[in-house]
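Some notes on the structure that comes next.
Only the coordinates and a few stated rules stand behind these numbers; no lab work does. Remember, it's a predicted structure, so these values are computed and weren't measured experimentally. Here the Cβ positions follow ideal geometry from the backbone for every residue, glycine too, while neighbour counts run over all protein chains shown.
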Amino acid sequence: MSIERVAIIGLGLLGGSLGLAIAEHLPDVETTGYDADPAVRRRAAERALVRTVCETAGEAVTGADLVLFCVPVGAMAQAAAEIADHLSPDAIVSDVGSSKQSVMDALREALPGHTVIPAHPVAGTEQSGPDAGFASLFRHRWCILTPPADADEEAVAALTGFWEALGAKVEIMDAAHHDLVLAVTSHIPHLIAYTIVGTASDLEEVTRSEVIKYSAGGFRDFTRIAASDPTMWRDVFLSNRDAVLEMLGRFNEDLTALQRAIRRGDGEALFELFARTRDIRRSIVEQGQDDARPDFGRKDH
């Protein structure tokens with residue numbers, strides 16, 4: 001099974017980056033794209049995010065070997081319904097969403113009989129929109145595929161090869177397990193970031209200007225995460241509700257234990273936790289998942 005024509009539905013950061021990455025790494029692959037926002041379609045055409053920007057989703061997917069939904073997970077069902085009558089029988093349907101079980105259920109319900117293989121490229125920035133995309137977004141990043149148990153092996157292999165050609169490292173995972181893992185590594189950190197930045201902005205004893213002026217590196221990193229697209233993250237938390245609530249419960253228990261150690265002056269417990277978490281950070285750097293330079297390589301001016 002070969003992928004010669006790719007349709008991208010949603011031309012923001014991820015969709016735009018996909019189009020640019022395909023043009024760079026798979027120049028013989030034809031790309032079409034659609035976005036529900038006319039202004040985004042115009043800008044996508046100006047930036048040549050895909051070879052052909054279409055005026056309808058149906059037009060974009062006609063004849064496509066691979067359809068990639070790059071829309072918020074809450075919009076998957078509606079976006080899939082729009083293309084149902086135009087999709088080729090042999091097309092692979094995939095996505096780039098941060099939660100997978102709900103996406104798989106929505107796409108399979110809207111597109112019965114079609115090959116649905118959800119995917120999650122673990123890559124992104126706090127920026128959004130058609131101007132945010134860049135071709136190297138997926139390079140050396142993980143892309144997790146969560147094919148259903150009855151997925152066509154040739155289709156899984158073709159989609160794996162597609163992501164590898166864009167520079168990604170591919171992992172195959174069960175959808176429910178993916179949602180639990182990402183709840184810990186991505187969703188809860190975002191929830192914490194939104195919370196701490198919101199707390200800082202609500203403080204009465206400290207002015208907002210002081211929060212901004214004296215922000216240390218840790219708080220600035222939280223604000224970067226908390227600047228992520230609000231629509232996308234609203235949908236992520238609602239679609240991955242069970243896993244997020246389970247991990248949030250565990251986090252609250254650990255936070256309570258930490259609070260107790262500080263209150264009791266238990267330096268040994270604090271040191272043990274901080275030493276363990278430092279080892280995790282070192283492992284992340286050793287695996288090439290982040291920059292080991294001071295302040296994450298950020299230059300301050």
For the chain, what is the charge dipole size about the Cα centre, in debye to the nearest 20, if Lys and Arg each add +1 at the Cβ and Asp and Glu each add -1 at the Cβ? 1160 debye
Work out, step by step, the length gained on full extension between Asp202 and Asp37: first 0.36 nm times the residue separation, then minus their alpha carbon distance; give nm to one decimal. 56.0 nm
Peptides 235-241, 196-202, 259-265: what's the order by average Cβ count within 10 Å, highest mean first? 235-241, 196-202, 259-265
Relative contact order of the chain, pairs being alpha-carbon contacts under 8 Å that are 6 or more residues apart, as %: 16 percent
Could you give each residue of the stretch 231-240 its phi-based ³J(HN,Hα) in whole Hz, using Karplus coefficients 6.51, -1.76, 1.60 with θ = phi - 60°, and x for Gly or Pro? 5, 4, 6, 4, 5, 4, 5, 6, 7, 10
Förster radius 25 Å - calculated FRET efficiency between Asp174 and Arg276 (Cβ-Cβ, nearest 0.05): 0.35
